[in-house]
Amino acid sequence: MEKDLLESLLSELRRGTLILCVLSQLGEARYGYALVQILGEKGISIDANTLYPLLRRLEKQGLLCSEWNTEETKPRKYYKRTVFGDQIFAELVKQWNDLSTGMNDLLGGN
Amino acid sequence: MNEKDMIARYIYEVTKRVPQETQQEISLELQSLIEDMCTEEGISVEEVLQKLGDPAEFAKRYRGDNNYLIGPDYYDNYLWVIKIAFIGIAISAVISAIIQGITDINGSMDTSSWINFFTNFFTNFLAELFATAINGTCSMVGIVTIIFAVLEWKKVKVSIKPESKWTVDELSKNVTPVKSWTPNSLPPIPDKRAVIRRGDSVFSIIFITVFATLLLLVPQLFGAFHYDGNTLKSIACVFNLKEWDRIAPLLVLTLFICLVDEIIKLVTGYYCKPVMYSSIICNSLQLIGAVILLKFLPFWNPDFAGTLQEIAGITQFSDGDILSYWGTEAFNNMLLAFIFIISFLETGEAIYKTRKYS
């Protein structure tokens, strides 16, 4: 029970940061699974069944654009930040830095 | 089942649950994802699919929709209207049960002694009470739910909310997120003269519910009951019950439109644009319904006046008697004119009060 609660609190904590994680890696075009791997290597685990729908949503919101690459053996959909996505990303990073400074203060004070 | 089959089945289970225009793309996307995961992680297809999880859950994330029929914005009002509708159903159930019990519409009542009469009365009463309560509850809950589900689906703004409520969608419109709610965005308190009294709406909703339930379940109640002593000899219904299957749906649809209008009024609570538009649209639709019912469908029982004459034993109604116009065009025209006037007054009030006070 305690473990379940911790799990759900953790996933709630991570959820908000996922968009920033994803946007950060899409300055250059990448396909979904490559992103899962890159984030995984950096210790951010994201399930494909969360990431793929998220990518589509961000594209719908105009933050990402996509293109199918059919030259390789498998057809893959590559995502990349749009100009608008760049602006939003920069703004989010700024907010994140402020937030983490504040958080560190709070947690360090304990 | 081989691996290829398993993949195809999984993809099908996901894509059948997402909008059609995205199905093909999602299918391709999943195909390469599953293959990538197999090769890169060196695990079997079964393990990959296990990892991806329930396809229904996956599809839900793709749809990204709210997983509810009636969301928190409407839930309170929804419960409220359901409660009011229950009052209406309770009233109509009791009315129709009492009448059913006394009049013995089915003609199966044993009136030879008081004990038999009471036993029969209560059997009929209870049977009718339960039947009307159950039927009425099912249909009312259904209708009210449909109305609110449509409001939710179309995101009709019926409640009082600040004009600029921030949503994620605005990310795509503005570079920086708009400051959300500020005290300045509080809407003005509606003018007292524009307020729609809750009591009025509640009364209308109860009335419509009672009327619709009775019309749908026991239309024969609207008629003249002819008694010979204690036994019911005949009922002359004002409506054309032979054609009722054709008439009732349109009649109930018209009442349903009234109900939509009243719910919007109740939820909003004051005259404003949504109320005005709903009033214009609903009243127009009601007028169309009334014209079709009265002009194109055999709405009235043509024998009603005749039967009354027979029962009363008179050969001719006096000149001023409304029954002497029964079944004539003039009768329907008068009624339509009356309905038109009421509708115009109601729409006029909505337009006037919206323009003037809100």
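Read-outs throughout are calculated quantities, based only on the coordinates presented, and are distinct from any laboratory measurement. Because the structure is predicted, anything quoted here is derived from the model rather than measured. Cβ coordinates were reconstructed from backbone atoms using ideal geometry, including for glycine residues, and neighbour counts include every protein chain displayed.
So what's Rg/Rh here for the range A:20-64, counting alpha carbon atoms and using the Kirkwood radius for Rh?
0.93
Other residues with beta-carbon under 11 Å from the beta-carbon of B:Ala56 carry, at +1 per Lys or Arg and -1 per Asp or Glu, a net charge of +2. Among the listed pairs B:Lys16/B:Lys273; A:Lys77/B:Lys154; A:Lys74/B:Lys154; B:Lys16/B:Lys51, those whose Cα-Cα separation exceeds 28 Å are B:Lys16/B:Lys273; A:Lys77/B:Lys154; A:Lys74/B:Lys154.
Neighbours of B:Lys356 by Cβ distance under 15 Å: Lys/Arg scored +1, Asp/Glu scored -1, total +3. Positive end of the dipole of the range B:3-63 (Cβ unit charges, origin at the Cα centre): among B:Ser44, B:Phe58, B:Leu30, the Cα lying farthest that way belongs to B:Phe58. Computed over the alpha carbons of the protein assembly as shown, Rg followed by Dmax gives 32.4, 101 Å.
In units of the compact-protein estimate 2.2 N^0.38 Å, the range B:3-63 shows a Cα radius of gyration of 1.05.
Label-to-label distance, B:Glu46 versus A:Gln25, with points set 7 angstrom from Cα along the beta-carbon direction: 2.9 nm.
With everything on Cα atoms, drop me the angle between helix A:48-60 and the longest principal axis of chain A, reported from 0 to 90° to the nearest 10. So the inclination is approximately 70 degrees.
Its residue count N sets the reference 2.2 N^0.38 Å, and the alpha-carbon radius of gyration of the range A:14-105 equals 1.13 times that reference. Computed FRET efficiency, Cβ-Cβ of B:Asn135 and B:Asp5, R0 41 Å: what is it to the nearest 0.05? So, using R0 = 41 Å, E works out to roughly 0.30.
The modelled label-to-label distance for the pair B:Phe122/B:Ala224, using points 7 Å beyond Cα in the direction of Cβ, is 3.6 nm.
Between B:Ile280 and A:Lys80, the simple spin-label model (points 7 angstrom out along Cα→Cβ) gives 4.9 nm. When the charge dipole of the protein assembly as shown is built from unit charges on Cβ atoms (+1 for Lys and Arg, -1 for Asp and Glu) and taken about the Cα centre, the candidate among A:Asn104, B:Phe225, B:Pro72 whose Cα reaches farthest toward its positive end is A:Asn104. The listed peptides B:289-295, B:44-50, A:21-27, ordered by packing as a protection proxy, come out as A:21-27, B:289-295, B:44-50 (highest mean of other Cβ atoms within 10 Å first). Residue order for B:Thr209, A:Thr73, B:Thr15, B:Thr123, fewest other beta carbons within 10 angstrom first, comes to A:Thr73, B:Thr123, B:Thr15, B:Thr209. Net length available on complete extension from B:Asn333 to B:Ile146 is 63.9 nm, with 0.36 nm assigned per residue and the Cα-Cα distance removed.
Of the trypsin sites (Lys or Arg not before Pro) found in the range B:1-45, the ones in coil according to DSSP and having at most 13 other Cβ atoms within 10 Å of their Cβ are B:Lys16. Which loop-located GluC sites (Glu not before Pro) does the range A:2-110 contain, where loop means any DSSP state but H, G, I, E or B and the Cβ has at most 13 other Cβ atoms within 10 Å? Taking the range A:2-110 and a limit of 13 other Cβ atoms within 10 Å, the loop GluC sites (Glu not before Pro) found are A:Glu28, A:Glu71, A:Glu72.
For the range B:326-347, the residues whose backbone nitrogen is under 13 Å from a point 7 Å from the Cα of B:Val291, taken along Cα to Cβ, are B:336-337, B:340. Computed about its Cα centre, the charge dipole of the protein assembly as shown is approximately 1440 debye, with only Lys, Arg, Asp and Glu carrying charge at their Cβ.
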